[in-house]
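Everything below concerns the one structure shown next.
The values are calculated or read from the model by the stated rules, or taken from the named source; none is laboratory data. Here the structure is a predicted model, which is why all the values come from computation and not from measurement. Every residue, glycine among them, receives a Cβ derived from its backbone with ideal geometry; neighbour counts consider all protein chains shown. The accessibility values were calculated without ligands, DNA or RNA, using every heavy atom of the protein model including side chains. Shrake-Rupley method; radii C 1.70, N 1.55, O 1.52, S 1.80 Å.
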Amino acid sequence: MESPPVVDIDVDSFINGQPLLPAFNGKVDMTAAFKWSRYNILEFFDKITAQPGPRGYDVEAGAQKSLDAVVTAIHTLVNSGTPQTSIFLPKQLDVWYYNTKFRIETIFELVGWIFSVTGFSPSNANRNNYYYPIAALYCVFWRRLTENSAIDPPIKHDPNVAQITWFKVGSNWRICVSSTLDGIGLKPYKDAAQLRRQDVLIASGLLPKTMKNTSLVPTPNPQMFGHCAETIPWLYINSILKSVSAASAEGFALQPKLILPDKYKGAYEYARLDYRVFRPPCENCAYLLSKLGFKAQNFEPPTY
């Protein structure tokens, strides 16, 4: 599989004069990471598995036992060579988030899991210097890992929306990030995975059984619960909700198609930052916000 080119990008326009903060327990310069190739990213994931402790990348303790399997699964997907097998695992993979086991099945979820369990946020992090850049970096990583000349345009298989939530656990801040399922490609796989996500929402107590296969989103696009990018991050957070300061949680959804190229070897545009990149929570997400005890105003789109 051919590696995408390394693109020279001015990421200073992200941050309105604020330098990007280091990520992954202070060990990764995000300005440099935006320029990594597919092979650089895979090498980085291998380094996390080799140094998961507090002196390394500080992976959450419960999640450490899933690291090898997650990184191996990513390598397998990247080397598979077809749209289906480079995005969806042959079967769901069990992973730990703190003390709860989840099943994930796409490269978008695998990469998001690594971002969500590796290191805490810097104490001086804000939307400009950390949270928007790291959400964009998440999108760039899965695009570089899935992009190849056999899938053109690559946007055909991109998630339509990604979502990041940051929240306080004890005295530290952590992120959870994930995305919707594959955009307009591989519909049967996407639909089946959406139903599985919905079942997990019900099992978690966030969604009553009476709301299975329903939607609060009005026509013409009444997506069912389990579709949204918020699903995985909020399921993770719900599993440790008693330890989370729910009122402090913040987040936003963004549209990867506005920051990623629409054709193979196209230019990346993630340095562009304005209000059009962001999406407000849908009616389904507003319902889940209230169940989690989050403040709705903390999840409104930034107005850059």
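Worth a mention:
- Breaking point among (1) in a helix (DSSP H, G or I); (2) touching a residue at least 24 places away in the same chain (Cβ under 8 Å), for Leu206: (1)
- Any pair with Cβ under 9 angstrom, 6 or more apart, that starts in segment 95-106 at a residue that is over 17 Å from Thr118 (Cβ atoms) and open to solvent by 70 Å² or more (accessible area, probe 1.4 Å) and ends at one that is β-branched (Val, Ile, Thr) and assigned to a strand (DSSP E or B): Lys101/Val95; Arg103/Val95
- Residue in segment 57-64 that is over 19 Å from the mean Cα position of the chain (by Cα), exposed (fewer than 14 other Cβ atoms within 10 Å of the Cβ) and over 20 Å from Ala136 (Cβ atoms) present: no
- Pro261 vs. criteria in a helix (DSSP H, G or I) and either within 25 Å of Arg127 (Cα to Cα) or open to solvent by less than 50 Å² (accessible area, probe 1.4 Å) (or both): no
- Flag for Leu201 being more than 22 Å from Gly251 (Cα to Cα), out of contact with any Asp or Glu (no Cβ under 6 Å at 6 or more places or on another chain), of a type outside the set (Lys, Arg) and part of a helix (DSSP H, G or I): no
- Selection of first residues in segment 38-58 that are on the phi < 0 side of the Ramachandran plot and of second residues that are among the hydroxyl-bearing types (Ser, Thr, Tyr) and open to solvent by 10 Å² or more (accessible area, probe 1.4 Å), restricted to Cβ pairs under 8 Å at least 6 apart or on distinct chains, gives the following pairs, ordered by first then second residue: Arg38/Ser3; Tyr39/Ser3; Lys47/Tyr57; Ile48/Tyr57; Gln51/Tyr57.
- Every residue from segment 19-29 that is of a type outside the set (Lys, Arg) and at pLDDT 90 or above: Leu21, Pro22, Ala23, Phe24, Asn25, Gly26, Val28, Asp29
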